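Here's the structure, in structure tokens; my notes come after.
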């Protein structure tokens, strides 16, 4: 059975068991193929249903993407019911040292909006659950319950075009084995609320499958991908996402080439865009081998970098550093026998414990922060160099360091883990 045939069987089950079905449509290649699969299935089987299409409009995106979304909606308006949401939720950004999020469609920034608000869209006034603290991924989840209640549905299904080939998180979302949260034991589904499920019908497709389907069935797709190809971007790394995310830093500069008029608007929309567009993916922002400035230790360089930051951002990093130092002094991080021996050989003063509460055969090691160290698992050792890289990456959450999260960040992390069915 091909992945296409398998998906046809999944769609048959979906449309038979769910009375409320909608597709989460971003304008990217995966959600575009998923939407086309559903539209073709409805037409082929002459189903008397209207397919919901949920689109989060992030305001700052390629005009090619906006055009593709508009054309798709117009061409299928006899079949689909559109929920185009222009809401000022919080969206993460890693382009700036001064802010860790931005808000699309923020009323106070209307004079510098990157695009015009489309007609017949949904805004924050349409959603009673909206508040200024909500993030984009929270909004997506809450929307599913809102729509379920609006439709007075017996069972609601949100079709999501994620593929396990894309990332380990997505692979785990399907293969975690937590069947009690699935629908009818189907591993490509996940319960979000009572009688509300996320469903991943194309989870086993590859990038090649996506483009083969577009060609074979002559489906429309976002022509931005053609421009990506002409710009030398590989098929596996082509993304249609918010330009201010950390994953987009290396490709942010493409806006200047592909859509210079959009680039001009982006520069004034979110702090640090121009700098990230020029230096994203370079040593300047810590993405490649970073060298220590002459006359500095990594600790002194960290202090220098911190002194260049606003007080609120600086205190955020210092708080995380304090938490991490306390952890390594009192509890210790779990390290392998090989890494422990390398630390001994390097003359580092460490205290090795006998056991840990974590399920691992590694042993807890208590130690002080080092300036830097050249061993095989250097990325597991607490060093000031790693802290410098966090600052240069604008990694406000310090994911690169694996720091203990704050209460607010734990709540965000919990929401993400719930969304992707992570343990």
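The values are calculated or read from the model by the stated rules, or taken from the named source; none is laboratory data. It should be emphasised that the depicted structure is a prediction, and the values quoted were computed from it without experimental measurement. Because the Cβ atoms are built from the backbone with ideal geometry, glycine has one as well, and the counts that use them run over all protein chains shown.
Quick notes on this structure:
- Filter pass, residue 329 being closer than 30 Å to residue 360 by Cα, at pLDDT 80 or above and outside any loop (DSSP other than H, G, I, E, B): yes
- Matching helices (runs of 4 or more DSSP H) fully within region 168-252 where at least 1 residues are modelled with pLDDT of 95 or more: 207-216
Residue-by-condition table, conditions (1) part of a helix (DSSP H, G or I); (2) at negative phi:
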| site | (1), (2) |
| --- | --- |
| 343 | yes, yes |
| 347 | no, no |
| 360 | no, yes |
| 389 | yes, yes |
| 394 | no, no |
| 397 | no, yes |
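- Any chance residue 87 is in a strand (DSSP E or B) and buried (at least 17 other Cβ atoms within 10 Å of the Cβ): no
- Every test in (1) surrounded by fewer than 19 Cβ atoms within 10 Å (Cβ to Cβ); (2) modelled with pLDDT under 95; (3) not in a helix (DSSP H, G or I) is passed by residue 111 save one, and that test is (3).
- Lone qualifier among 69, 87, 91 - being at pLDDT 95 or above and in contact with a strand residue (DSSP E or B) (Cβ under 7 Å, 6 or more places away or on another chain): 69
- Where residue 74 falls short, out of the listed (1) part of a helix (DSSP H, G or I); (2) more than 25 Å from residue 142 (Cα to Cα); (3) touching a residue at least 40 places away in the same chain (Cβ under 8 Å): (3)
- Residue selection: residue 33 satisfies the criterion of being within 21 Å of the chain's Cα centre (by Cα), surrounded by 17 or more Cβ atoms within 10 Å (Cβ to Cβ), assigned to a helix (DSSP H, G or I) and not assigned by TED's automatic domain parsing to the domain that holds residue 307.
- Looking only at residues in region 36-54 that are out of contact with any helix residue (DSSP H, G or I) (no Cβ under 6 Å at 6 or more places or on another chain) and part of a strand (DSSP E or B), the one that is nearest to residue 143 (Cα to Cα) is 54.
- So residue 339, is it touching a helix residue (DSSP H, G or I) at 6+ places or on another chain (Cβ under 8 Å), assigned to a helix (DSSP H, G or I) and on the phi < 0 side of the Ramachandran plot: yes
- Residue match in region 358-370 (condition: under 22 Å from residue 303 (Cα atoms) and in contact with a strand residue (DSSP E or B) (Cβ under 6 Å, 6 or more places away or on another chain)): yes
- Residues that are on the phi < 0 side of the Ramachandran plot, surrounded by 13 or more Cβ atoms within 10 Å (Cβ to Cβ) and over 30 Å from the mean Cα position of the chain (by Cα) do occur in region 315-334.
- For residue 21, the criteria (1) part of a loop (DSSP other than H, G, I, E, B); (2) buried (at least 21 other Cβ atoms within 10 Å of the Cβ) hold in every case but one, which is (1).
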